[in-house]
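What follows is a set of notes on a single structure, which appears directly below.
Read-outs throughout are calculated quantities, based only on the coordinates presented, and are distinct from any laboratory measurement. Computed from a predicted structure; not experimentally measured. Here the Cβ positions follow ideal geometry from the backbone for every residue, glycine too, while neighbour counts run over all protein chains shown.
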Ligand SMILES: C[S@@+](CC[C@H](N)C(=O)[O-])C[C@H]1O[C@@H](n2cnc3c(N)ncnc32)[C@H](O)[C@@H]1O
């Protein structure tokens, strides 16, 4: 292929695990693509949608597991754009929400590769919904913040000011927070959040092995340790947790992620 004939890379959100939460557009692109480059938080079921000639590349990043450096993932995508017409870069949840989607888009754009984003259902909304927790409620305030608990993964991202967040947001939805929960809850309480604030952790929301605990903020870390909840988990903090309607939660899908949890 010449430089004016580079293939298109579609940055596609795979949703939070349950394959039924894939968008119609994402499904169409996965079925038609020549190559699919996927992360570890993508359900195995979706990998079966590809054609028999599709090339598959795993570039999963998981805590404690060998992972492909971002630079190498960028190189794989660029190389594929030189040989394929349609490349799906499949990412868990939504590609632009704590998913490095924008970094990949910008890298490819600078190299002249056409890129399109296909939004996905994010785990920060879906995992709570799959246990019946709404992330906003009219009686629980007017704001919700999506925040990463995985500070220090690189020095490029400014540290989260948990003490300010304690005052400025009615609800918090924390991604990648389960390993840093002791620090996060201590800082939130130091910032003025009431120790009895309702909180919840949902592990593997929407898929097999879903686990869930609810606890006042001050005991949340101890509960998580006692029940051994691990990543991938979403933490929800705020009075929305008290508005849980368990009856509305769908059963988790009987699927797993490609890498061991
Ligand atoms: C690198 S972030 C990617 C987030 C993704 N882009 C999204 O929109 O959901 C990975 C984190 O998302 C959360 N996560 C992803 N899938 C999840 C699931 N099925 N259940 C609970 N948390 C999940 C966890 O906090 C995990 O550590």
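Descriptive notes on the structure:
- Separation in nanometres of the label points that stand 7 Å from Cα toward Cβ, at residue 85 and residue 225: 5.8 nm
- Value of relative contact order over the chain, rounded to a whole percent, pairs C-alpha under 8 Å and six or more apart: 23 percent
- Within the listed set 81, 247, 102, the residue fluctuating most in the Gaussian network model of the chain (springs between alpha-carbon atoms under 10 angstrom) is 247.
- Alpha-carbon radius of gyration plus Dmax, which is the widest Cα pair, for the stretch 124-248 in Å: 13.4, 43
- Cα centroid of the stretch 212-227 to Cα centroid of the stretch 82-159, whole Å: 26 Å
- Whether the stretch 7-121 is rounded, prolate or oblate, judged on the alpha carbon gyration tensor where a/c under 1.5 counts as rounded: rounded
- Distance between the modelled labels on residue 167 and residue 32, one decimal in nanometres: 5.2 nm (7 Å Cα→Cβ projection).
- Normalising the Debye intensity of the chain to I(0), with uniform scatterers on Cα atoms only, and taking log10 at q = 0.11, 0.12, 0.16, 0.17 Å⁻¹ returns -0.62, -0.73, -1.16, -1.26.
- The simple Förster model, with R0 at 30 Å and r as the Cβ-Cβ distance, assigns residue 186 and residue 139 a FRET efficiency of 0.60.
- Diffusion of the stretch 203-261 by Stokes-Einstein, at 4 °C in a medium of 1.567 mPa s and with Rh set to the Kirkwood radius over alpha-carbon pairs, works out to 101 µm²/s.
- Label-to-label distance, nm, for residues given as residue 4 and residue 20 (7 Å Cα→Cβ offset): 4.8 nm
- DSSP bridge pairs, the chain: antiparallel proportion in percent, nearest 5: 40 percent
- Alpha-carbon centroids, the stretch 1-64 and the stretch 188-208: separation in whole Å: 32 Å
- For the stretch 15-164: relative contact order, % (alpha-carbon pairs under 8 angstrom, 6 or more apart): 23 percent
- Sites residue 116 and residue 208 - FRET efficiency at Förster radius 30 Å, r taken between beta-carbons, to 0.05: 0.45
- Chain lengthening between residue 55 and residue 254 when straightened (0.36 nm per residue, less Cα-Cα): 69.1 nm
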